[in-house]
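Working notes, structure below.
The values are calculated or read from the model by the stated rules, or taken from the named source; none is laboratory data. Model, not experiment: these values are computed from the prediction. Neighbour counts are summed over all protein chains in view; Cβ atoms, including those assigned to glycine, are modelled from backbone coordinates with ideal geometry.
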Amino acid sequence: MKLIPKELARRLVTAVASQSKPQSEAAALQPVGIDSQTYQKSYFVTISGLPESPEPSREEMQRTMLQAFREAGYSKETKVTHLAIFRETHRRGGVHFHIATCVSERCRWLPWKKALAKHGIAAHFQHIQIQGWAKHRKMQYQCMLRYCFVPTAKKPLASLDPEPLLYHCSGRHPPLIDAIQGELDAEAITLSVQEKFLQRAEHGKPGESRFQVSCICFGALFAPKNDC
């Protein structure tokens, strides 16, 4: 994916803004371990220990992820809908990949991990711990993208992948600047507005105006959908 000026500008603004905020939204997001019985639609996959020569490309990683999923024994109706593949360089050399995934139906991750191992890929499956946000299952994919895309004090802009590979089963993955906002429906909007209201109330700040919330909800409800 080629960076467009709007996306680059957003990341630069975010980097500057993070200097005035002790903990940005992205900084509050952390990958955490999950047990073998976890059953959900989105997983955060980290792949490391790869050979330095030849170094695998993002495209090769995409093909391997999709092929392994097909070989994992899931139902024919279950498919990978979204992938976002970020390549990051280690300080001491070598690379690792962070891959945000979303599938059409909830499933367990262990069969996918075992199928990847047959391709010589050691994959670590996690999900994102959401601090201070409503823990809605539809927020997982967008939070994975935020973790990889938005710079923080611990993950400066220079260390992030400027050209991640974005995959959608329809061929129309939204731009990152839109995807990090997440898929919004009436339920997700209600949870988001409720969470922001409670956070502001906790700090003694007035809530958002009803007109402002209504405008946000109206725009989100009529936004194009990205599901297959």
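Tell me which residues, restricted to the stretch 47-75, are part of a helix (DSSP H, G or I) and either among the acidic types (D, E) or buried (at least 16 other Cβ atoms within 10 Å of the Cβ) (or both). Within the stretch 47-75, R58, E59, E60, M61, Q62, T64, M65, A68, F69, E71 qualify.
The residues on offer are T101, T78, and the sole one that is without any contact (Cβ under 8 Å) to a residue 60 or more places away in the chain, buried (at least 19 other Cβ atoms within 10 Å of the Cβ), hydroxyl-bearing (S, T, Y) and within 27 Å of D178 (Cβ to Cβ) is T101.
This table checks each residue for (1) more than 17 Å from the chain's Cα centre (by Cα); (2) closer than 21 Å to K118 by Cβ; (3) modelled with pLDDT of 95 or more.
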{"position": "P22", "(1), (2), (3)": "yes, no, no"}
{"position": "Q40", "(1), (2), (3)": "no, no, no"}
{"position": "M61", "(1), (2), (3)": "no, yes, yes"}
{"position": "K79", "(1), (2), (3)": "yes, yes, yes"}
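Within the stretch 79-106, being part of a loop (DSSP other than H, G, I, E, B) and under 16 Å from L66 (Cβ atoms) holds for one residue alone: K79. In the stretch 107-208, counting only helices (runs of 4 or more DSSP H) that sit wholly within it, the ones holding 3 or more residues that are over 20 Å from the mean Cα position of the chain (by Cα) and either at pLDDT 80 or above or closer than 18 Å to T46 by Cα (or both) span 110-117, 186-202.
Select from the stretch 72-108 the residues that are of a type in the set (A, V, I, L, M, F, W, C), more than 26 Å from S57 (Cα to Cα) and in contact with a Cys (Cβ under 9 Å, 6 or more places away or on another chain) and list them in ascending order. Of everything in the stretch 72-108, nothing turns out to be of a type in the set (A, V, I, L, M, F, W, C), more than 26 Å from S57 (Cα to Cα) and in contact with a Cys (Cβ under 9 Å, 6 or more places away or on another chain).
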